[in-house]
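Undergrad: Sharing a structure below in structure tokens format, with a few things to ask.
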Amino acid sequence: MSEFQITLHFNDNESFIMNLPASSLEDASVKVTQMIQDKHIHQDIKKDSYIKGYNLGMVQCFHVSNR
């Protein structure tokens with residue numbers, strides 16, 4: 001299993017980069033598409049205990065790349 005870098009572009013012009021383990025580029029794309037369809041909430045936890053939630057249902061487009 002490899003780790004892929006996912007760049008999410010939201011409809012409010014904000015972007016977020018996350019890492020996702022997957023067996024292939026296609027598998028990573030399918031996983032992200034499913035999270036978007038499920039309106040998954042991804043939580044980004046910062047060092048200072050700040051938590052920001054990203055509603056993946058608001059993603060306008062995404063890019064998958066090898067790390």
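The values are calculated or read from the model by the stated rules, or taken from the named source; none is laboratory data. Because the structure is predicted, anything quoted here is derived from the model rather than measured. Quick reminder, even Gly has a Cβ in these numbers, built from the backbone with ideal geometry, and neighbours come from all protein chains shown. Accessible surface areas use protein heavy atoms only, side chains included; no ligands, DNA or RNA. Shrake-Rupley method; radii C 1.70, N 1.55, O 1.52, S 1.80 Å.
Undergrad: So is Lys46 free of Cβ contacts under 8 Å to residues at least 40 places away in the same chain and touching a helix residue (DSSP H, G or I) at 6+ places or on another chain (Cβ under 6 Å) or not?
TA: no
Undergrad: Could you grab me the full set of residues in segment 44-56 that are among the charged types (D, E, K, R) and surrounded by 10 or more Cβ atoms within 10 Å (Cβ to Cβ)?
TA: Selection gives Asp44, Lys52.
Undergrad: I've got another one for you. Quick check on Val59: is it in contact with a strand residue (DSSP E or B) (Cβ under 6 Å, 6 or more places away or on another chain), β-branched (Val, Ile, Thr), more than 12 Å from Gln5 (Cβ to Cβ) and open to solvent by less than 70 Å² (accessible area, probe 1.4 Å)?
TA: yes
Undergrad: Of all residues in segment 1-43, count the ones that are in contact with a Gly (Cβ under 8 Å, 6 or more places away or on another chain), open to solvent by less than 70 Å² (accessible area, probe 1.4 Å) and part of a strand (DSSP E or B).
TA: Residues in segment 1-43 being in contact with a Gly (Cβ under 8 Å, 6 or more places away or on another chain), open to solvent by less than 70 Å² (accessible area, probe 1.4 Å) and part of a strand (DSSP E or B): 1 in total.
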